[in-house]
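The values are calculated or read from the model by the stated rules, or taken from the named source; none is laboratory data. Keep in mind that this is a model prediction, so the values were computed, not measured. All Cβ positions, even for glycine, are placed from backbone atoms using ideal geometry, and neighbour counts span all protein chains on display. Quick note on the areas: whole protein, heavy atoms, side chains included, nothing else; ligands and nucleic acids left out. Shrake-Rupley method; radii C 1.70, N 1.55, O 1.52, S 1.80 Å.
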Amino acid sequence: MQRNKNIEYDEDELYSDGEEEYGEEGGYSQEDKDNFATLTPVVRAELDEAGVPVTTQQIEEALWHYYWDVGKSVAYLKNSRTPREGQKEAKKEEKPKSKFDQAAEKAVGTRCPTVTAADWFKDTPWTNVPSDILGQLVPVTPEPPRIKLLGGSSKLAKLAEERRKKAAAAAQPAQAPTTDSTHSLDRLTKPKDVKENVAPAPKTEPKKYAIRRKRSPTPPPKEPTPPPEEPKEQLPSLRSSPSAFGRTLSSSSAQANGTRQMALHDLLGSGYTSNPFDGPSPDDTVMRAQDRKKTKAQQASNGLAKKTEALKIDATPAAPSQPKVRSKGLDVPSLWNEEKSKRKASAAFVVIGHVDHGKSTLMGRLLLDTGAVSQRDIDKYKKQATELGKASFALAWVMDTGAEERERGVTVDIAQHYFSTERVDFTILDAPGHRDFVPNMIGGASMADLAVLVVDANQLESGMKGQTREHILLAHAVGLRKLVVAVNKLDSTTPAWSKDVFQSVSAEVLKLLAQTGFKEDNVAVVPCSGLSGENVAKQPGGNSAASWVSKEHPTLLQQLEKFAPHSTSIDVVKKPLRLQVADVFRGGITNPLSIAGRITAGHVQIGDSVTVQPSGETATIKGVEVGGDGKDWTIADDIPTLHLVDIEAQHLRSGDVVCSSQKPIKVVKSVTAKVQALDSLLPQRVDIHVGRLHVPGGISHLVATEDAKGETLKKKPRIVKAGQKAVIRLALDDGVPLEDGDRVVLRADGSTIAAGRVEAISM
Ligand SMILES: Nc1nc2c(ncn2[C@@H]2O[C@H](COP(=O)(O)OP(=O)(O)OP(=O)(O)O)[C@@H](O)[C@H]2O)c(=O)[nH]1
């Protein structure tokens, strides 16, 4: 079974659609302003040359939206500002007049004299009403049309606005620490704030952090009135105001605050509505979207289940109809030991990199050229994509299966696909490149053995400022050590397949990888083009401009095979089962509840009873699939799909841990972690990411800073500076399944501020 994401996010959860006053300077950082100053004239020059009239504001909006990408901004403005007269004319000519129209025209011309409203009503008595009390019809002047951008520019501008407001709030020492999370650098300059942060925070709108919002298996009844306001709660010390992330988890709705709903359909052509962007961080957006997606999936499943039920001839009650699943009682570790030498190697790689650098297209190409996807499928996608005006995304559609992703041309969640070579069975985990979906990227990277970093040879700079840098940091933070750099889109360098461009891009990325901690031996660079296909699975032809590539570099596929890992150690297979749930979905009519995720330890077979934490519920394994094939058992390092029975859907969600019922993982509310600070750390609110699990919490204690060898430098420091190693204690807002050795990533205000491992847990 091929399992793809199939998300139906509500638009209001992914994009804010409020309209912005872009001219407001305060929304942009100095760096943004510098970019505007440099790039606006370049765009203007190109548009002037093409005879396209635009305002500076329109140029700035386009640059902001396209991450300073001049080419895309120019293309967008050309498209949106050039009137399509030719098309309109053609359309007019095309449409023949109906007989009715022709008859009506005739009638108007011949028989009906022109009648005004005054003529029509002149004999009615109320036409004699005195003029001073007569109503007046005032013509409404239509608002001048505003230029609109496809996809979330409002949100980006709101984000900038939000950051500006936060920065302004941080400048007021009395309020900043208690009302909002403040950027660490700002706090650095105000050590007094730390103390204030410790004091119980007087809150205007205290919220409870209900981390585990259980989803109902049936669609929730419609609420005619908004829910009553939650009772006010005194937050414990160290707790500042709930982050937007926390508010999302506690289901607080921004709708309740009376903020104006603004329509995005004029931007996106669909019925999107959303709250204005009044606080949620990018992580919040993703969390909310994931929750809604799950609920929707469950609702859809329930709908389907009901229909199936209705088709049954026998009307006996459908109550627990699942037959008891019998275990074959296999000795899985021994079976594995016997089989492992005969088994093909397997590897999962996550595809990372800045938005639009070509990740999905490259993976679509890999699947096509390895035969995992047929040319017929691609032709079908090409036809559909062309109809949407996105022909160049046909290959990306192999990975981007959600309607939202296809419409916007942006990956939202991790897509999972399989392909095989003679030597290795591969699992692809395609991560979203957009900064709003970094939590999903962390989830994908946590399941992988290695990473493929895709870099657009023409856009290195935008990537270095954006997610190329952050993804490299995160890949290392979640424990990935092997990485292939795919220098992509070399077909569109000037000149095409420029060796110079390739070399300078490689040098810069390799430097950054070395600084991050990747070892030279574990990194390889491959030149390629996902769109035209050179050097992905096939070497370029001898006469093409890319011929130099095959003499000096392996193909991407050959390099992946080289880096495919090791076989799993028997010790790990014998450990108690641990599988973090990456996705919960309906695996077919006979499998109404299925999960997918990577087994980090142990093994599991059909018929096993397992425990799901933190709910503590048990479930029985009804079916196992690995790489799309049905199996009796699966072991550590596999990314199986498990079909479950004897458990309700509301007890399972992404981030939960399926574990051995004999030795279940503990549910904890506090952990000690050893981290590397990427920004300065103080006692502060943070979002804690452990693979697919995201939980709001806080740094409650800075225990010590350490040197590179792990020796204590200072106990109870007041601050941990960026770049330092430290032992810190984390307080979680609710109990979550964690144990020693788990990798944690800490984020605040949409940025990664630290990463490390759990050292000790406490309930
Ligand atoms: N010229 C050229 N264009 C490419 C190549 N690969 C991708 N593109 C184009 O780049 C655009 C973005 O491609 P995607 O594959 O969606 O990029 P992505 O990195 O997956 O984007 P996200 O998943 O949203 O982060 C599309 O218009 C592609 O056609 C390439 O090798 N050469």
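Data table
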| quantity | calculated |
| --- | --- |
| Leading residue by the ranking (least open to solvent (accessible area, probe 1.4 Å)) among those in segment 56-74 that are without any contact (Cβ under 8 Å) to a residue 24 or more places away in the chain and over 17 Å from His357 (Cβ atoms) | Ile59 |
| Selection from segment 684-721 of residues that are acidic (Asp, Glu), surrounded by fewer than 24 Cβ atoms within 10 Å (Cβ to Cβ) and touching a residue at least 40 places away in the same chain (Cβ under 8 Å) | none |
| Residue within segment 518-529 that is open to solvent by less than 10 Å² (accessible area, probe 1.4 Å), assigned by TED's automatic domain parsing to the domain that holds Ile414 and either among the acidic types (Asp, Glu) or touching a Phe, Trp or Tyr at 6+ places or on another chain (Cβ under 6 Å) (or both) present | yes |
| Selected residue [buried (at least 24 other Cβ atoms within 10 Å of the Cβ) and not hydroxyl-bearing (Ser, Thr, Tyr)] from Val745, Val668 | Val745 |
| Whichever residue in segment 325-355 is in a strand (DSSP E or B) and more than 16 Å from the ligand (Cβ to nearest atom) and, among such residues, is nearest to Ala394 (Cα to Cα) | Ala348 |
| Segment 722-742, subset among the hydrophobic types (A, V, I, L, M, F, W, C) and part of a strand (DSSP E or B), residue surrounded by the most Cβ atoms within 10 Å (Cβ to Cβ) | Ile728 |
| Residues located in segment 553-596, provided they are of a type in the set (Asp, Glu) and touching a residue at least 40 places away in the same chain (Cβ under 8 Å) | Glu561, Asp583 |
| Looking only at segment 594-607, and only at residues there that are in a strand (DSSP E or B) and small (Gly, Ala, Ser), the one that is nearest to Gly691 (Cα to Cα) | Gly597 |
| Residue, modelled with the highest pLDDT, within segment 58-79, restricted to residues that are on the phi < 0 side of the Ramachandran plot and not in a helix (DSSP H, G or I) | Asp69 |
| Selection within segment 629-678 - in a strand (DSSP E or B), closer than 13 Å to His603 by Cβ and out of contact with any His (no Cβ under 9 Å at 6 or more places or on another chain) | Lys631, Leu642, Val658, Cys659, Ser660 |
| Odd one out for Val454, checked against (1) within 14 Å of the ligand (Cβ to nearest atom); (2) out of contact with any helix residue (DSSP H, G or I) (no Cβ under 8 Å at 6 or more places or on another chain) | (2) |
| Failed item, numbered, when Phe419 is tested on (1) surrounded by fewer than 22 Cβ atoms within 10 Å (Cβ to Cβ); (2) at pLDDT 90 or above; (3) near the ligand (Cβ under 8 Å from one of its atoms) | (3) |
| Qualifying residue in segment 608-623 (condition: open to solvent by less than 20 Å² (accessible area, probe 1.4 Å), aliphatic (A, V, I, L, M), in contact with a Lys or Arg (Cβ under 6 Å, 6 or more places away or on another chain) and in a strand (DSSP E or B)) | no |
| Residues (among the charged types (D, E, K, R), without any contact (Cβ under 8 Å) to a residue 60 or more places away in the chain, open to solvent by less than 70 Å² (accessible area, probe 1.4 Å) and within 13 Å of the ligand (Cβ to nearest atom)) located in segment 356-395 | Lys390 |
| Pair list, Cβ under 6 Å, 6 or more apart: segment 456-473 residue not assigned by TED's automatic domain parsing to the domain that holds Asp356, other residue more than 11 Å from the ligand (Cβ to nearest atom) and modelled with pLDDT under 90 | none |
| Checking Ala673 against (1) within 30 Å of Trp336 (Cα to Cα); (2) open to solvent by less than 10 Å² (accessible area, probe 1.4 Å), the condition it does not meet | (1) |
| Those residues of segment 461-486 which are more than 10 Å from the ligand (Cβ to nearest atom), closer than 22 Å to Pro554 by Cβ and among the hydrophobic types (A, V, I, L, M, F, W, C), in sequence order | Ile472, Ala475, Leu480, Leu483, Val484, Val485 |
